[in-house]
Amino acid sequence: MLKRLYDWTMAKAASKNATTWLAGVSFAESSFFPIPPDILMVPMVLANRQAAWRIATICTLASVVGGIAGYMIGYFLYEAIGKAVIDFYHLEAQFETLRHTFVEYGAEILIIKGMTPIPYKLLTITAGVAKLNIWVFIGASILSRAIRFYMVAALLYWFGEPVRAFIEKRLTLVTTAFAVALIGGFLAIKLI
C-alpha cells in the first residue's frame, strides 16, 4: 500500500497541478496521510530551483493548516477519529510517551520533532489531546515546519541534483543534526 501511495505522489509531482497537490499532501500529512510532502517537494524544486522558496512556503503554510486540523482532531475528536489514526500507524507507544511530556514541554517538542521526519500527525493530534495552548501550537508549528521545508529547499537550491539522493537517504541525519544545533543554541541562550 505504501509503495502505491509513493508512486502516486511522485506522479503528482510531475503534473501541471503539482503546486495544488503539494499543498494538499502537506495539509493531509499533518493530520492523517502517510507520505511526507518532501516526496513532491524534492522533484519540484529540482525541476525549477528558482521556485524553491515559493515551494517551501506552500509546504509550510499547508502543513501548519493541516496541523491545526490534526490538533482539532486530538482536541475534539480523539476517540472518534484521532485514536484510529494513531492505531492505524502503530504509534500508540509514541503517543503515550508524548502525551505525558506535552503538558510541560509541548512547544519544545513541536519545534524539535516537527523538523524531523517523525510523523507530524502524531505531534498534532497529541498536542490537541494534551490541550496545548492553540497559539503556542501554531507558533511552534510555523517555526518547526518552516525550518524543515526551507532547509530542504535551500539544500536543493544550492546543491541541486547531487543532494537529492543524500536527502532521500539521510533526511533523518540532516534534520537531527540541525535539531542538535538548535538545542545547543537554546542552551547557550539560557546560560548567558
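Computed packing ranks the peptides 135-142, 31-38 as 31-38, 135-142, most packed first, by mean other Cβ atoms within 10 Å. Separation of region 68-102 and region 16-52, taken as the distance between their Cα centroids, equals 24 angstrom. For residue 93, neighbours were defined as the other residues whose beta-carbon sits under 12 Å from its Cβ, and their charges (Lys and Arg +1, Asp and Glu -1) total -2.
Sorted by average packing, counted as other Cβ atoms within 10 angstrom per residue and highest first, what order do 151-160, 68-77 take?
68-77, 151-160
Per-atom-type breakdown for region 18-104 gives carbon and sulfur 68% of the accessible area (1.4 Å probe, protein chains only).
The values are calculated or read from the model by the stated rules, or taken from the named source; none is laboratory data. Predicted, not measured: the structure shown is a model, and the values here were computed from it. Neighbour counts run over all protein chains shown; Cβ positions are idealised from the backbone, glycine included. Protein only, heavy atoms only, side chains kept; ligands, DNA and RNA dropped before computing areas. Shrake-Rupley method; radii C 1.70, N 1.55, O 1.52, S 1.80 Å.
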